[in-house]
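Please treat every number below as a calculation from the coordinates, not as lab data. Note that this is a predicted model, so its numbers are computed, not measured. For neighbour counting, all protein chains shown are included, and Cβ atoms are generated from backbone atoms with ideal geometry for every residue, glycine included.
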């Protein structure tokens, strides 16, 4: 089985979000990590590899620095890494990104593609399903459990209060939730090997099935009008009450504001 | 000269830090309080290769260098000194001498199990009457046919009852050197559950309380002839060379304890308010922190330098002794100041610095006291 896992390098929001004066993210000022949902997707792929045997290829699109997340993936146990990077691909929205990644995946032999549900910087959850559309293969999103049976996958798709069990014939694409698993750590030896490993780098010229109309900022239908940080709220009102009094106080407030 | 870490070591640092924070730190207080050996943590460390970091891959190790191993011990010690010394004693005192002095058969038999963490290692040199004074050794090994017969005891042995493979130093005869009768000392590999090998009492300690510190007892303990490690009579040199490596591990432990105490103190002085301001706003606090941080940085340079010396030099006794001497004294000083800056809370067990100050003390004592390190360093100066 050949599995392609799409990962994204994202700013670590735990340390706070930093903005440039123009409202875009100041990525240089923030630590970069592997997107958590993508890491769960990678772990799912590595578990399938442990269980059934598989070749796991990690793929990312981004700045040359994004190679860091590929090295992390290799140090966790991935077999191959591909970095898609080119200035003309910069500023891509989900459409341009998915078009580009799909063009890269077309160059590969695959049975299963796993992406994270969504990235913590954009939170669109669109790129995974869009890739499947470009490649014309089935997609199962929000996976909380993945099993392989013959040439099919059986996936639990999470809903708010239940889950659906779906079966799809490979090749197909699955989007993974961070709740899917607890990703493994790297190993020290894995890190040493990953730093010595060759990372395949593809630019625009390598992606022959890609249309120039669908790349970079120009090929992105999404236009960001404005971005801002969360509006800071005041300290609020603090009251010290017995539990019973607190309940009636809260109910009063909720009624007052027409919330209930 | 480049003092920065390369990509490999940066990534390794990230790994050890994450592991220490997520898997080790939450248990540190409990391990200290209950004095229970953290077996589950050791199994996790085994899974991720932490028990064979500087060991070649052909022996199921990670194929990394001494610096990577030292950074692992350091990061573990930042959150739990007990956990760090388990790795240090196992790697430096048991695997290293087998790799350095073992026959191909001994290496093939013992190192893969140790490096993968399926088995844990320990080292027995110290006796009730012989710590620093190796000639005071009483444990004897006598060759009887195809077996060595061990009699005697070893005390204060780290990983004591939890280990599976032990390097044991014993007297194998009397030889004449420059007209003086000297004990001939040899090294052996002894496996747990060998008949005649039992454990004495568990030591109750001031610090590193989860570490399994036991007395080892040998009563007509028969081990195969081929378990002699290195040549007969070379045990003293093996023990000393092994301790050179071990001292780099303990220096890393001391460094980690000091760093851990400094980190917690920085966080505390930003929070704690007295006389209407945080205590970090008082110049006394600022100057204390500046001294602590400077000494920690100096210790780090010496520890890393010693690790690099182990990777590139045949003899690194002085680098190891200087790193251990300095890092251990910095650990004691920094943790003592950390407790002082925490005031009354620093004396309470709920605060990590209380444990760290107790843990720091052992680094000035085991694997050669600070006085022994000074002997090693000055001996080299005046030779």
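Relative to the longest principal axis of the Cα atoms of chain B, the long axis of helix B:25-34 makes an angle of roughly 60 degrees. The mean number of Cβ atoms from other chains found within 10 Å of a Cβ in peptide B:119-126 is 0, as a whole number.
Calculate, for residue B:378 and residue B:142, the FRET efficiency according to 1/(1 + (r/R0)^6) with r their C-beta to C-beta distance and R0 45 Å; round to the nearest 0.05.
Working: r = 37 Å, r/R0 = 0.83.
Once rounded, the FRET efficiency stands at 0.75.
Rounded, prolate or oblate: pick one for segment B:63-138, where a ≥ b ≥ c are the square roots of the eigenvalues of its C-alpha gyration tensor, a/c under 1.5 means rounded, and failing that, prolate if a/b is larger than b/c, else oblate.
Numbers: a/c = 2.13, a/b = 1.14, b/c = 1.87.
It is oblate, given that a/c is not under 1.5 and a/b is not larger than b/c.
Among the residues of A:238-246, the average count of other protein chain beta-carbon atoms within 10 Å of the residue beta-carbon is 0. Using the Cα gyration tensor of segment B:157-208, with a ≥ b ≥ c the square roots of its eigenvalues, what is the shape: rounded (a/c below 1.5), prolate (a/b larger than b/c) or oblate (neither)? It is prolate, given that a/c is not under 1.5 and a/b is the larger ratio. Expressed as an acute angle from 0 to 90° and rounded to the nearest 10, what is the orientation of the C-alpha long axis of helix B:66-79 relative to the principal long axis of chain B? The helix B:66-79 is inclined about 50 degrees to chain B.
Which of the peptides B:162-168, B:40-46, B:345-351 is most tightly packed, and how do the rest follow, going by the mean number of other Cβ atoms within 10 Å of each residue? Please report the intermediate quantities before stating the final value.
Details: B:162-168: 23.4, B:40-46: 17.4, B:345-351: 14.1.
Most protected by this proxy first, the peptides run B:162-168, B:40-46, B:345-351.
Look at B:218, B:236 and count the other Cβ atoms within 10 Å of each Cβ; fewest to most, that gives B:236, B:218. Relative protection proxy for A:236-247, B:54-65, B:87-98, A:81-92, from highest mean packing down: B:87-98, B:54-65, A:81-92, A:236-247 (other beta-carbon atoms within 10 angstrom). Working from label points 7 Å from Cα in the Cα-to-Cβ sense, the residue A:254 to residue B:270 distance is 3.7 nm. Shape call for segment A:2-214 from the C-alpha gyration tensor, a ≥ b ≥ c root eigenvalues: rounded (a/c under 1.5), prolate (a/b greater than b/c) or oblate? Here segment A:2-214 falls in the rounded category. Look at the stretch A:191-198: the mean tally of other chain Cβ atoms within 10 Å of its residues' Cβ atoms is 5. Once the C-beta distance of residue B:17 and residue A:226 is scaled by a Förster radius of 41 Å, the resulting FRET efficiency is 0.65 to the nearest 0.05.
Each of A:38, B:263 was scored by other Cβ atoms within 10 Å of its Cβ. Arranged with the fewest first, they read B:263, A:38. For a Förster distance of 56 Å, can you work out the FRET efficiency between the beta-carbons of residue B:278 and residue B:371, rounded to the nearest 0.05? Step by step, r from the Cβ atoms, then E = 0.90.
Treating the angle as unsigned and between 0 and 90°, give the value, to the nearest 10°, between the Cα long axis of helix A:94-106 and the longest Cα principal axis of chain A. Helix A:94-106 sits roughly 30 degrees off the main axis of chain A.
Going from the fewest other Cβ atoms within 10 Å to the most, the residues A:193, A:136 appear in the order A:136, A:193.
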